[in-house]
Every structure is written in structure tokens, then in C-alpha cells.
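A.B. asks: My questions all concern the structure below.
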Amino acid sequence: MELTPGMAVGIIPFAASDEGLLRQAAAGDREALDELFGRYRFLAYRVAFRLLGHEADALDAVQEAFIKALIHLPSFQGRSSFKTWMLRVVSNAALDLGRQRGRREAVSMDGPGLRFREDCEPLTHPDPSHELNRQDMRRKLQEALCQLPLAQRQTFVLHAEAELSYREVAETLGISIGTVMSRLYYARQRLRTLLEPWVRSE
């Protein structure tokens with residue numbers, strides 16, 4: 001959305017595009033900047049959490065990623081969408097943090113991290129037994145994800161959790177669509193093998 005002479009800075013147009021918010025932010029509109037980053041904070045957390053498997057680390061990664069994004073925002077040239085650019089920064093920050101701190105042996109899906117996830121996905125099944133089963137499924141999936149090679153895990157999370165298309169994942173990671181497809185194929189094969197014993201026991 002283009003800014004018009006009569007449009008006051010600080011007023012966010014309804015359903016303003018990312019590009020419109022970027023232009024307003026470049027003009028010094030702090031509210032536009034807050035709105036832009038606010039659109040992706042939950043998604044950024046989910047991606048970081050799936051990559052790291054730990055709430056505190058995910059929150060640290062998102063904070064670090066947002067700081068880096070703010071610093072480098074003036075150099076963002078729009079060759080990709082803001083969403084894919086932001087998720088590249090977030091996923092790289094998460095993997096960097098994971099390398100620095102090492103993989104944690106215990107992966108917990110309970111506590112504030114799970115509630116944060118549910119904030120963006122309201123419960124549709126009030127049955128407590130069903131919710132316990134969902135939590136167990138997420139825990140098993142997280143444990144399996146942590147056993148994937150980093151490149152496969154990053155590609156799978158961006159596609160499955162962030163719901164990016166093959167082309168968007170390729171843009172985010174700077175790889176070919178063929179590489180995306182290959183990584184997803186092997187990631188799915190590995191996850192199927194890892195989760196099969198649990199699925200059979202259900």
C-alpha cells in the first residue's frame with residue numbers, strides 16, 4: 001500500500017501489506033515497525049522451538065533474530081518476501097544458538113512453551129484424553145526432529161511448521177527447489193522410521 005500525502009504517520013491501514021509497513025517503517029513510523037514484527041513473532045517462536053526443542057533457547061533465538069533483523073532491516077532490498085527473509089534470520093539464529101549450547105538431552109513440551117504454542121492454535125477438542133495424546137504426539141515428534149541432520153531439520157520445519165512452499169523454502173535457505181525436495185524426502189523417511197514404533201503402539 002502506497003503512502004498518500006493525507007495519510008498520517010502512525011496510523012496503520014487495515015490489512016496493510018508487509019511492503020507497505022516496510023515503507024512506513026523506513027519513513028520513521030515505529031508503530032508500523034512494531035506491527036510488522038508482531039505479525040511473525042508467534043511463527044518465529046514456533047520455528048525456533050521446533051529447531052531447538054527447548055522453550056528458553058527458542059525465546060533467546062527469537063530475541064537474537066529480531067535484534068539482527070532490526071539492525072539489517074535498512075539493507076533489506078525486497079528480493080524475497082519479508083516473511084521468508086525474517087524466517088531465514090530466525091532459523092539461522094536458532095541453529096547458531098543450538099551449536100553454541102549443544103543439543104539438550106531432555107526435550108520438554110510442557111510448561112510455558114506449550115501454552116505459547118496454543119495461544120496461536122486454539123483448542124478444538126475439549127476431551128482431556130485427546131489433549132494428552134496430542135501433547136504426547138508433539139513430544140515424540142520433537143524428539144524425532146532433534147535426530148535429523150540440521151539441514152534436513154531446518155528445511156522440514158520451514159515447510160511443515162512455517163507452511164512455506166518449496167519455492168519459499170528455497171528462497172529462505174538460498175538453495176534450489178530440487179535440494180528442498182531431496183531434503184524433505186529424506187527427512188520424512190527418517191521421521192517415519194523414528195515414529196513408526198510409537199504409531200504402532202497407539
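A.B. asks: Modelled with pLDDT under 85 and surrounded by 13 or more Cβ atoms within 10 Å (Cβ to Cβ): is that true of R79 in this structure?
C.D. replies: On the way: modelled with pLDDT under 85: yes; surrounded by 13 or more Cβ atoms within 10 Å (Cβ to Cβ): no.
Considered against the rule, which asks whether it is modelled with pLDDT under 85 and surrounded by 13 or more Cβ atoms within 10 Å (Cβ to Cβ), R79 comes out as no.
Matching residues to (1) surrounded by 15 or more Cβ atoms within 10 Å (Cβ to Cβ); (2) modelled with pLDDT of 90 or more; (3) part of a helix (DSSP H, G or I); (4) not basic (K, R):
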site: R88; (1), (2), (3), (4): yes, yes, yes, no
site: Q147; (1), (2), (3), (4): no, yes, no, yes
site: E163; (1), (2), (3), (4): no, yes, no, yes
site: W198; (1), (2), (3), (4): yes, no, yes, yes
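A.B. asks: So how many residues does region 37-57 have that are surrounded by fewer than 16 Cβ atoms within 10 Å (Cβ to Cβ) and small (G, A, S)?
C.D. replies: 2
A.B. asks: From the list D34, D60, which residue is over 22 Å from L145 (Cα atoms), modelled with pLDDT of 90 or more and surrounded by fewer than 20 Cβ atoms within 10 Å (Cβ to Cβ)?
C.D. replies: D34
The values are calculated or read from the model by the stated rules, or taken from the named source; none is laboratory data. If you're wondering where the values come from, they're calculated on a predicted model, not measured in any experiment. Ideal geometry is used to build each Cβ from the backbone, glycine not excepted, and the neighbour counts take in all protein chains shown.
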